[in-house]
1. In this structure, does C:PRO285 turn out to be out of contact with any helix residue (DSSP H, G or I) (no Cβ under 6 Å at 6 or more places or on another chain) and either at pLDDT 90 or above or more than 26 Å from C:GLU504 (Cα to Cα) (or both)?
2. Mind checking which helices (runs of 4 or more DSSP H) fall wholly inside region B:252-343 and carry at least 3 residues that are over 19 Å from B:PHE119 (Cβ atoms)?
3. Take A:GLY152 and decide whether it is small (Gly, Ala, Ser), surrounded by fewer than 21 Cβ atoms within 10 Å (Cβ to Cβ) and within 8 Å of another protein chain (Cβ to nearest Cβ).
4. Can you tell me which residue within region C:335-358, out of those that are in contact with a Ser or Thr (Cβ under 8 Å, 6 or more places away or on another chain) and not charged (D, E, K, R), is farthest from the other protein chains (Cβ to nearest Cβ)?
5. If you go through region B:52-71 one residue at a time, how many are within 14 Å of another protein chain (Cβ to nearest Cβ) and surrounded by fewer than 23 Cβ atoms within 10 Å (Cβ to Cβ)?
6. Given C:LYS65, C:LYS28, which one is loosely packed, with under 15 Cβ neighbours inside 10 Å, of a type in the set (D, E, K, R) and in contact with a Ser or Thr (Cβ under 7 Å, 6 or more places away or on another chain)?
7. Taking the options C:GLU306, C:GLU312, name whichever one is within 14 Å of another protein chain (Cβ to nearest Cβ) and outside any strand (DSSP E or B).
8. Condition first: touching a residue at least 60 places away in the same chain (Cβ under 8 Å), part of a helix (DSSP H, G or I) and buried (at least 24 other Cβ atoms within 10 Å of the Cβ). Can you find one or more residues in region A:98-107 that meet it?
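The values are calculated or read from the model by the stated rules, or taken from the named source; none is laboratory data. Please read all numbers here as calculations on a predicted model, not as lab measurements. Every residue, glycine as well, gets a Cβ built from its backbone with ideal geometry; the counts of neighbours run over all protein chains shown.
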Amino acid sequence: MASLKIWLIRLRPIIAALLGLSLGIGITALAGESPAHVVAVLVKSALGSPYDLGMTLFYTTPLVFTGLSVAMAFQCGLFNIGAEGQLAMGALWAAVLGIVMPGLPGFVAPVFAVLACILGGAAWGAIPGWLRAKRGSHEVINTIMMNFVSAGVCSYVTLYVFRNTEGQNPETLPIAAAYQLSQFSSFGGAPVSWALILAVLVWAGCIVFLRKTRLGFQLMSVGENESAAEASGISSPKMRILAMAIAGGLAGLVGVGEVLGNAHKFKMGFSADFGFIGIAVALLARGRPEGVLPSAFLFGALHKGTADLDFETTHVTRELALILQALVILSVSADGLWDWMNRIGVKKRTGKAAS
Amino acid sequence: MHLKKFGFLGRVASFLVLALWTSLASAGGLNGVGLKVGMVLDKGGKDDKSFNASAYSGANRAKDELKIQYKYVEATDDNAFEPLLRSFAQKDFDLIIGVGFAQAEAMAKVSKAFPNKLFAIVDSDVKGANVRSLMFEEHEGSFLMGAVAALKSKSGKIGFIGGMAIPLIKRFEMGFEAGVKHVNPKATVTSNFVGVTADSWNNPPKAKELALGQFNNGVDVIFQAAGASGSGVFDAAEEKKKFAIGVDSNQNWMKPGVILTSMMKRVDISVYETIKEVAAARNAEGKLPADFNKTFAGLKRFGLKNSGVDYALDSHNQKEMSADVKKKIDDLKGQITSGKIKVPDFYTAKAGKK
Amino acid sequence: MFAIQVQGLTKAFGDCVANDQVTFSVKKGSIHGIVGENGAGKSTAMKLLYGLYKPDSGSIVMDGKPRQWRTPADAISAGIGMVHQHFMLSETETVLDNLILGVEKTAALGKINRKQIEKDLMALSQKYRMPLNLSARISEIPVGLQQRVEILKMLYRGAEFMILDEPTAVLTPQEIEELFRNLLELKKEGKTILIITHKLREVMAITDRVTVFRAGKVEGDLETKDTSVQDLADRMVGRRVHLTIGGDHPEDSKLGHTPRSGGGSLRPALEIKGLGLLRPGESKPRLDSIHLTVSPKEIVGIAGVEGNGQSELIQAIFHPNNPRHRSSGQISILGQDIQAFDTQAIKELGVGWIPEDRHKEGLLLQKSLRENFLLGQTRREQFCKNGWIRWNSVDASLKQGMEDFDVRPRNIHALAGGLSGGNQQKLIIARELDRRPNFLVVAQPTRGVDVGAIEFIHRRLVGLREEGAGILLISSELDEILALSDRILVMYSGKIVAEFARGEVDAMKLGVKMGGGHG
């Protein structure tokens, strides 16, 4: 009975996701669509063909990065709502590099551009980290604010500095060919590039970082118990800044798939709220990087699947598809938040018992 | 969907157009049955009261009148265009219409991959042997709006509020300013943009704030090209008892007495006409002539000349658009269509020039 | 003849059964003790009695009638009063105002009749021989008198049945004696008193009957005269406990004591000169020109009522570069001036720290024992090389430490939060001693630790001293200070007000100094 309970607790986010999905499908049923058909469409359009699977993986890639971004900040006790702004900055830096330095040889150019993504995001993430560590202003508010500033900076650079005068889209000039990542041919034209492989490697790197390195351990200690970490000699302000820089850098890597692997330029508003869905990805992964990869794949599949519901059914409009997606995010987040609050509550209680 | 709100004149006009086309249709033995049209709307969706709504109504009309089969989808994000266009092409749809410049790239890619299908795109110029581009001369319509504003302004201070400083909106702004200066060279135009994110098209409070700021500085007419944010400008004008000008569809009815007129962009007509052309070209088996692509593909401009862009006149703004104002505007319209006045176009103007 | 009978009270929080079929009776006009380790369910039982919790099952019988409380107000009107461990007083108000606040006996139209209340209160305090200056501010009177205010408040509300939660925890020995005199007076007047405590000697001294809690259950309901400290301790822990410290004769300690020798030639482990802490906006310094030396192979004990600067002293030692923790003075450790050091650098000198609040400063409760063992040790090459953690080495040392310090369960993957208080403390000590510190700061080492583990911890501390380390011991348990220290310093109001050599002083004498008295 006890072990069953532990299993239930472990599986709770997955149960919550399934619950949200059933609720959503229930609502499409109310709209007059057969649930079996909806599920079939979801599965088929997420995984049905190499192209569909490719699109799912294409959406999964940025979600791995933003999910990791939120999870790594979470490990240091920080709530990063700024992944949306950080990913835009990472993508912008990579695009700018690809425009202003077209002469870089083909074998170093992508490496430099990846570094630009990391640095752009990291710099953007470190600012709220610094504000939190040194000024005590809360990162939730600062990261939200930084999202707006990021949008402003991106818009300025895009429209007034490197505007692509060819098209009407608010986007920059294209990056030089040396920077562009080739797309895998096995996905029927879906823009799956090396960014996907990078995402998996970075995911593994995050896990190793937390489990095996001193810095990772110190970062996690601060997240677990700041006073105890301080007492053990760890500087929590330093760790907070580091954690937010890491979070920002991870989010910035979204630019690799988008700028280097897909659009080959910076397009304003290219992110389909990846930074915010990343929060749900991290919550489903219970705030740990380990679970981010499957969680991101689930959300990627859901994103691709629901996009086609509109197309494949008669009664499910885009709004209903969004509601379905939102219900999954909501139930996962509610579950994660509940757990989080519970944990704080437990701490308080154990604290009392000691006095 | 806005047809019913056009008022009396609008109704008469659309009736005439309709009657004309219906007669054409019967004359040519038009058979739309079996023609399958797919339409991918931009992120704004069919209820944006702007160009998506307009495209949607045009296609609906084709469905009612030409008996075509028709399905539309709304994109969730920029990366969704390509899979959606592809999905239509993979099925048995004959004509696939993309609405909005954001899908230009996806359209270019997918149209190349499916050379046997027909594609059309609204608001962008996509090259391709099987693609028709439907572009609107927003600057021409904006020029007329500038002229109306300059004629109605007492202070000589005129405002422009755009959604976002993107080329399309800059095109509105440039044409508008030229119209103002043409009527009153001494008048000044103040420009503001609602924002830098996608939210800019849907932020009436911010637009209202900007409008109030302009009115407080002496501006007495504002032209807005800000999507759904525009209603904020109308609210501000009503509050301050000043004037505003609507955009995209006929918005006169929203605040009669406040809204001088609206610059209409007839996406519906462009969509309807494109569908109709395809339907008309089909033979009894539903086959298109072998060289149809040649007549179909290419850039089709919709300006003042072919009523693709126009100003709105109905019962709601009869008082504001008095006979002499109307006469002057129609006169200017004639000069533009005859080529006597050349309206500056942001797209062809030198890059970087604001 | 029973004031209260508790019958089969059960209360569960989720899975955790805090009270399981708790049954005991309290005789009218008696002093009844409730003892048990932390988490044994004492507090839960009292909260049930006082109406703060509702029982899942079972009943409370008062004067022969079963009663149910919806809120504490019901309990109060039935004549139950409670003094919480942390007093519920407004610091800036006068004694009288605080009493009125608690009573709110109003005349017509809601007007408070101060005169009448004052007269009533004076009569009451005379009757029970608890003199009080009604016009003094709470912040100006000692803790012992603050407690008296709480008791008077209770009496004035008409309490016949009084619950006192750990009433002696914050008192000096003199104040404890005074309190006990008052309680006996109350008993004589027919009041019934329930005392919750973990100090077994006090239970033996004052109670008539005692109920022992263990793991949510009542483990014994005994006449005090039929039991002993040893018996109570055994019942609390559930096995035979070897009491060496905390018994009646600390000098009998088996730990023995060797006077330090040769310490003078070595550099002092800790040397503090003129340490002061005055925070901006505060009128009184929290630390006032503290001079203090700890030699190698010496335990220096700091006695004092909590809140007299002990915590600040520890923080100053470990955060000397932070003006919030040190505003003046010099600190050197093992001959090094540490003024500009951060915590990390100080610990690298070979300094151990057993913090006073192990949950707050000592442990990562949601992490496993191996992570907790590594905490603060990542600079040791043995555990961490070139930034990479050597978990094998960590686990090996942890396993050894768990053997040596008897940390249970012996599972390196168990969560620290799941361990009992004693085992958590033993884990911290194992960690801090693993690096063989030359200087150890240890605060409240046995607070909330089961009786069985106290002796063990004391033994280890003495063992470390024998190996040559200097130890600064801060504790509010006088027995602990007296048993372990080579020298005893008394802190009062941010100053060191007295120094004694071992054997020069007893609890009573220390108590006078702790209360700020002279002589």
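1. Numbers: out of contact with any helix residue (DSSP H, G or I) (no Cβ under 6 Å at 6 or more places or on another chain): yes; either at pLDDT 90 or above or more than 26 Å from C:GLU504 (Cα to Cα) (or both): yes.
When the stated conditions are applied, C:PRO285 passes them.
2. So the answer is B:323-337.
3. yes
4. C:ILE338
5. 3
6. C:LYS28
7. Only one candidate qualifies: C:GLU306.
8. There is at least one residue in region A:98-107 that is touching a residue at least 60 places away in the same chain (Cβ under 8 Å), part of a helix (DSSP H, G or I) and buried (at least 24 other Cβ atoms within 10 Å of the Cβ).
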